[in-house]
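Notes follow once the structure below has been shown.
The values are calculated or read from the model by the stated rules, or taken from the named source; none is laboratory data. Only a predicted model underlies this, so the values are computations on that prediction, with no experimental measurement involved. Note that we place each Cβ from the backbone using ideal geometry, even for glycine, and neighbour counts take in every protein chain shown. Remember, those area values only see protein heavy atoms, side chains included, never the ligands or the DNA or RNA. Shrake-Rupley method; radii C 1.70, N 1.55, O 1.52, S 1.80 Å.
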Amino acid sequence: MSDSQAVAGGESPAELLLRAAAMVPAERYALAAVAVVSVFLYRFLELHVIGDALRGFRGGRVELTFHPASEIYHRVASKCRSLHGRYLATPWLASPHLQTLFLGISGRPPSFTYKRQLYTVHDGGTIALDWLLASDLEAADGFISKDDSTPLVVVVPGLTSDSAAAYVKHSVYSIASKGWNVVVSNHRGLGGVSITSDCFYNGGWTEDVREVIKYLHQRYPQTPLFCIGTSIGANIVVKYLGEEGENTPVAGAASICSPWDLLIGDRFISRKLVQRIYDKALAIGLKSYAKLHQPVLARLANWEGIRKSRSIREFDHHATCVVARYETVDTYYRQCSSASYVGNVSVPLLCINALDDPLCTREAIPWDECRANKNIVLATTPNGGHLAFFQGLTAGRLWWVGAASEFLFALHESSYMHRQKANDHVLHSSLESSIDKSPYVNIMEDGMVAPVTKDGPGNNDGSPSDHEVGVQLSNGVGGRQQLEVSGEKHNEQVSGAGNESPAGSANRQGDDIYSNKLHEIIAPVKRSINQLTRHQGRSIWLLAYIAFVTSWPLLGSLAFITFRKKFRNPLQAK
């Protein structure tokens, strides 16, 4: 037996393995550790630089989702080169997390100064409107006249962001440098403005955007209004457009990195380790926002719960749901998700989302709803992070800024800008004032049409009520039509009286009694319809339509009796 065999026979396999491992140089262990850490970081940070290199650094193709018959795509979006090209992220930021982190830390925004306007909304809250006009970049004393037709873009920032955010300044400067005016509508309580009412904004709060857009449209009626929403601001903008439908002065809009479905987003952000890091970071930002307005929030909400919140959901439970009076957090998320309003958007809308967005998951994108709406073009890119989309070696530009502005400029040059339909709005108001606000409509025996109010259809003295919306039938129209109907019935009685048997006469008398009863029932309806035809208001025509539909069963019975008489007479003659 040799010496090596003797040694091997005296050692266990584990000892032999350790002896062999000790013979490997330390440098190789270091290289292996670096390789393992690199693979872990590559997967954890979702780096895609290798994929970019394999594609020849051409970037990923922009995928568009739209209705096949969409004029917005064929006449507007088809002219945008950015939407039909590729997006390549900055190589040293080839990760959604690196891009998002860099945007939050630096972002390299352009340098300029806003002009601030404080606007007070109807509930006493204060909103900071930060302006950057095209003339401001030309070193001139810029102002907007009421007759100015230069397009105006309203930018709505994301959660806890204001006009000082890097991505907001990128978009504002890019649009203003191309000759348009821009205003940033900061959320109440942000931008260095105090809370001046008992109302806070949230992810579905559209009242401030609605009031600001209405104010701008009334002050500058000749100015085409466009809107860009980012992150939570995008959710608010899309929800607002869905709520308003045709009755909005916005000519076109863009949604950037919208969360779409807040409930799905809540589930997503608490799913993985890296998403939970974002969740805690955003919760810290919300608590900082709450701390700025502690005197108000401590009175309205659960301040101790807010202070201990470690996630967005906990903050919403202790603050948002209490202030906005939502029953549960899930109720708040469901009711404030813009995905439920996509189908009612009547404004040309460009939606941009990155499929690797670490905050707004692709699972929440309403693909089918966007495809079914002819006004929407959805653009998705494989990479981009959350609101980042950095381009170039120096990361000096954001891809979505150029794509959104290119779409809005093409829309402005086309004939497909949305225009508010004032007639529909007037019709809606008319219906509200004449029908909706009164629980019933009373058709009187004399042909008068009046809403039933608490005071009744008339005054105590017997005179017509001030709430009556109709006038009595004139003798020239109603009298003539009533005479014609009575004459036809009289002729039928005379012509058929001599040819009937006693049994037939009895049946005829029963039919006449039934016809008379039907006539007595539908006579007020006929008089009302005759009266309503003399008016041109749409709400009056709607009342006539309601009267016709409700009287149709009676008219059908009368027609059946009439035709039965005509068919019975030839049979008796034979």
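Considering only segment 204-214, I want to know if a residue exists there that is polar (S, T, N, Q) and either open to solvent by 20 Å² or more (accessible area, probe 1.4 Å) or free of Cβ contacts under 8 Å to residues at least 24 places away in the same chain (or both). Break it down stepwise before answering.
Just the residues of segment 204-214 that are polar (S, T, N, Q), to begin with: 206.
So of that shortlist, the ones also either open to solvent by 20 Å² or more (accessible area, probe 1.4 Å) or free of Cβ contacts under 8 Å to residues at least 24 places away in the same chain (or both) come out as none.
Within segment 204-214, none of the residues are polar (S, T, N, Q) and either open to solvent by 20 Å² or more (accessible area, probe 1.4 Å) or free of Cβ contacts under 8 Å to residues at least 24 places away in the same chain (or both).
Report the residue count in segment 309-323 for those that are polar (S, T, N, Q) and assigned to a loop (DSSP other than H, G, I, E, B). Show your work before the answer.
The initial filter retains those residues of segment 309-323 that are polar (S, T, N, Q), namely 309, 311, 320.
Now drop any that are not assigned to a loop (DSSP other than H, G, I, E, B), which leaves 309, 311.
Total meeting the criteria: 2.
For segment 247-273, how many residues meet the condition of being over 13 Å from the mean Cα position of the chain (by Cα), closer than 30 Å to L103 by Cβ and part of a loop (DSSP other than H, G, I, E, B)?
Adding up the residues that qualify gives 4.
Which of the residues belonging to segment 38-75 are in a helix (DSSP H, G or I), without any contact (Cβ under 8 Å) to a residue 24 or more places away in the chain and of a type outside the set (D, E, K, R)? Even if it seems obvious, please write down each step before you answer.
Step one: of segment 38-75, the residues in a helix (DSSP H, G or I) are 38-44, 49-54, 71-75.
In the following step, the residues that additionally are without any contact (Cβ under 8 Å) to a residue 24 or more places away in the chain were identified as 38-43, 50-51, 53-54, 74.
If the condition is that a residue be in a helix (DSSP H, G or I), without any contact (Cβ under 8 Å) to a residue 24 or more places away in the chain and of a type outside the set (D, E, K, R), then S38, V39, F40, L41, Y42, I50, G51, A53, L54, H74 are the ones that fit.
Going through segment 29-50 one residue at a time, which ones are of a type outside the set (A, V, I, L, M, F, W, C), open to solvent by 70 Å² or more (accessible area, probe 1.4 Å) and modelled with pLDDT of 90 or more?
If we filter segment 29-50 for residues that are of a type outside the set (A, V, I, L, M, F, W, C), which is where we start, we get 29, 38, 42-43, 46, 48.
Those left that are additionally open to solvent by 70 Å² or more (accessible area, probe 1.4 Å): 29, 43, 46.
If the condition is that a residue be of a type outside the set (A, V, I, L, M, F, W, C), open to solvent by 70 Å² or more (accessible area, probe 1.4 Å) and modelled with pLDDT of 90 or more, then R43, E46 are the ones that fit.
Applying the selection to segment 306-332, what residues are surrounded by fewer than 17 Cβ atoms within 10 Å (Cβ to Cβ), more than 21 Å from the chain's Cα centre (by Cα) and of a type in the set (S, T, N, Q)?
T328
Out of segment 232-254, which residues are farther than 14 Å from V209 by Cα and in contact with a strand residue (DSSP E or B) (Cβ under 7 Å, 6 or more places away or on another chain)?
If the condition is that a residue be farther than 14 Å from V209 by Cα and in contact with a strand residue (DSSP E or B) (Cβ under 7 Å, 6 or more places away or on another chain), then A251, G252, A254 are the ones that fit.
Only one of these conditions is not met by D123: (1) surrounded by 15 or more Cβ atoms within 10 Å (Cβ to Cβ); (2) more than 24 Å from H412 (Cβ to Cβ). Which number is it?
Against the list (1) surrounded by 15 or more Cβ atoms within 10 Å (Cβ to Cβ); (2) more than 24 Å from H412 (Cβ to Cβ), D123 comes up short only on (1).
Please find, within segment 285-307, the residue that is farthest from L159 (Cα to Cα) out of those that are touching a Ser or Thr at 6+ places or on another chain (Cβ under 9 Å) and part of a helix (DSSP H, G or I).
V296
Within segment 334-345, track down each residue that is open to solvent by 10 Å² or more (accessible area, probe 1.4 Å) and closer than 20 Å to G233 by Cβ.
R334, Q335, A339, S340, Y341, N344 - these are the residues of segment 334-345 that are open to solvent by 10 Å² or more (accessible area, probe 1.4 Å) and closer than 20 Å to G233 by Cβ.
If you go through segment 158-183 one residue at a time, how many are open to solvent by 20 Å² or more (accessible area, probe 1.4 Å), among the small types (G, A, S) and outside any loop (DSSP other than H, G, I, E, B)?
Total meeting the criteria: 2.
Could you identify the single residue in Y201, Y167, Y173 that is within 23 Å of S231 (Cα to Cα) and either small (G, A, S) or without any contact (Cβ under 8 Å) to a residue 24 or more places away in the chain (or both)?
Y201 is the lone residue from the list that is within 23 Å of S231 (Cα to Cα) and either small (G, A, S) or without any contact (Cβ under 8 Å) to a residue 24 or more places away in the chain (or both).
Specify the residue that is nearest to I213 (Cα to Cα); the eligible residues are those in segment 128-154 that are among the aliphatic types (A, V, I, L, M), touching a helix residue (DSSP H, G or I) at 6+ places or on another chain (Cβ under 6 Å) and not in a helix (DSSP H, G or I).
My answer is V153.
Inspect segment 66-82 for any residue being surrounded by 14 or more Cβ atoms within 10 Å (Cβ to Cβ) and touching a Ser or Thr at 6+ places or on another chain (Cβ under 7 Å) and give the result as yes or no.
Checked against the condition, which is being surrounded by 14 or more Cβ atoms within 10 Å (Cβ to Cβ) and touching a Ser or Thr at 6+ places or on another chain (Cβ under 7 Å), segment 66-82 yields at least one hit.
Given the condition within 14 Å of H67 (Cα to Cα) and without any contact (Cβ under 8 Å) to a residue 40 or more places away in the chain, answer yes or no: does some residue in segment 316-331 qualify?
Here is the first cut: in segment 316-331, the residues within 14 Å of H67 (Cα to Cα) are none.
Checked segment 316-331: no residue is within 14 Å of H67 (Cα to Cα) and without any contact (Cβ under 8 Å) to a residue 40 or more places away in the chain.
When you look at I269, is it among the β-branched types (V, I, T), over 30 Å from P348 (Cβ atoms) and open to solvent by 20 Å² or more (accessible area, probe 1.4 Å), yes or no?
The answer is no for I269.
State all residues of segment 83-103 that are more than 27 Å from the chain's Cα centre (by Cα) and either over 27 Å from L47 (Cβ atoms) or open to solvent by 40 Å² or more (accessible area, probe 1.4 Å) (or both); if no residue qualifies, say none.
R86, L88, P91, W92, L98, L101
Limited to segment 184-203, what total is found for residues that are within 17 Å of Y332 (Cβ to Cβ) and either within 15 Å of the chain's Cα centre (by Cα) or surrounded by 21 or more Cβ atoms within 10 Å (Cβ to Cβ) (or both)?
So the count comes out to 5.
Just give me the residues in segment 324-363 being part of a helix (DSSP H, G or I), of a type in the set (A, V, I, L, M), in contact with a Gly (Cβ under 9 Å, 6 or more places away or on another chain) and within 25 Å of F226 (Cα to Cα), in sequence order.
Answer for segment 324-363, where residues must be part of a helix (DSSP H, G or I), of a type in the set (A, V, I, L, M), in contact with a Gly (Cβ under 9 Å, 6 or more places away or on another chain) and within 25 Å of F226 (Cα to Cα): just V342.
Scan segment 188-224 for residues that are within 27 Å of H418 (Cβ to Cβ), hydroxyl-bearing (S, T, Y) and in a loop (DSSP other than H, G, I, E, B) and jot them down.
Y201, T206, Y220, T223
Within segment 225-246, track down each residue that is in a helix (DSSP H, G or I) and buried (at least 24 other Cβ atoms within 10 Å of the Cβ).
I232, G233, A234, N235, I236, V237, V238, K239, Y240, L241 - these are the residues of segment 225-246 that are in a helix (DSSP H, G or I) and buried (at least 24 other Cβ atoms within 10 Å of the Cβ).
If you scan segment 274-295, which residues turn out to be open to solvent by 50 Å² or more (accessible area, probe 1.4 Å), farther than 17 Å from G104 by Cα and either touching a helix residue (DSSP H, G or I) at 6+ places or on another chain (Cβ under 6 Å) or in contact (Cβ under 8 Å) with a residue 60 or more places away in the chain (or both)?
Residue satisfying the conditions is L292 alone.
From the set of residues in segment 347-401 that are free of Cβ contacts under 8 Å to residues at least 60 places away in the same chain and closer than 26 Å to V250 by Cα, which is least open to solvent (accessible area, probe 1.4 Å)?
Ranking the candidates gives E369 first.
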